[in-house]
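The values are calculated or read from the model by the stated rules, or taken from the named source; none is laboratory data. Quick caveat: nothing in here was measured; it's all calculated off a predicted structure. Ideal geometry is used to build each Cβ from the backbone, glycine not excepted, and the neighbour counts take in all protein chains shown.
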Amino acid sequence: MSSGRRKSRRAAKPRPPRTSPDPYWSGRVTRGSDALDLYPGVFSLADPRAIARSLKRSAERSQRRKAPPFRSAMSMLIFYINRAGKNLSKARRAKLEAAKVELRALFGEPQRRIAR
């Protein structure tokens, strides 16, 4: 049974325009994360080994990270791949996936087996 009261419908207020220079939270995380201090453009480098070396250097030098260097570097790389999502070309995604393999090799971590 209804109580006889109606819900009032108010007109939606228009949202104010974004004033932040970084309208997307993922961009802010990539640039100013507490996990790592990244070099600008690290994910746009052409060589997967160069990407991995840069991430390793950043992870080992960072004073703000909470996890071990390998875990911080791999987390940032995976975060970037996941957030870029559908906007990555197949070639770019392949280079970033290759950078994960290189990163494991640089840190001496075992390769993961991929279940297909």
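Inspect all residues belonging to the stretch 70-78 and state whether any of them is among the aromatic types (Phe, Trp, Tyr) and at pLDDT 90 or above. So far as the stretch 70-78 goes, yes, one or more of its residues are among the aromatic types (Phe, Trp, Tyr) and at pLDDT 90 or above. Kindly establish whether Phe107 is over 16 Å from Tyr39 (Cα atoms) and in contact (Cβ under 8 Å) with a residue 40 or more places away in the chain. When the stated conditions are applied, Phe107 passes them.
In summary, Arg57 fulfils each of the numbered conditions (1) part of a loop (DSSP other than H, G, I, E, B); (2) at pLDDT 90 or above with the single exception of condition (1). Considering only residues that are more than 18 Å from Phe43 (Cα to Cα) and touching a helix residue (DSSP H, G or I) at 6+ places or on another chain (Cβ under 9 Å), which ones fall in the stretch 62-104? Correct list: Arg65, Lys66, Ala67, Pro68. Look at (1) part of a helix (DSSP H, G or I); (2) at pLDDT 90 or above and you find that Thr30 fails only one, number (2).
Once the stretch 33-54 is narrowed to residues that are part of a loop (DSSP other than H, G, I, E, B) and surrounded by 15 or more Cβ atoms within 10 Å (Cβ to Cβ), the residue that is modelled with the highest pLDDT is Leu45. Quick one: would you say Arg112 is part of a loop (DSSP other than H, G, I, E, B) and either touching an Asp or Glu at 6+ places or on another chain (Cβ under 6 Å) or among the small types (Gly, Ala, Ser) (or both)? Answer is no for this residue.
The residue pairs whose first member lies in the stretch 74-92 and is more than 17 Å from Ala52 (Cα to Cα), whose second member is surrounded by 12 or more Cβ atoms within 10 Å (Cβ to Cβ), and whose beta carbons are closer than 6 Å, counting only pairs six or more residues apart or on different chains, are Arg83/Ser26.
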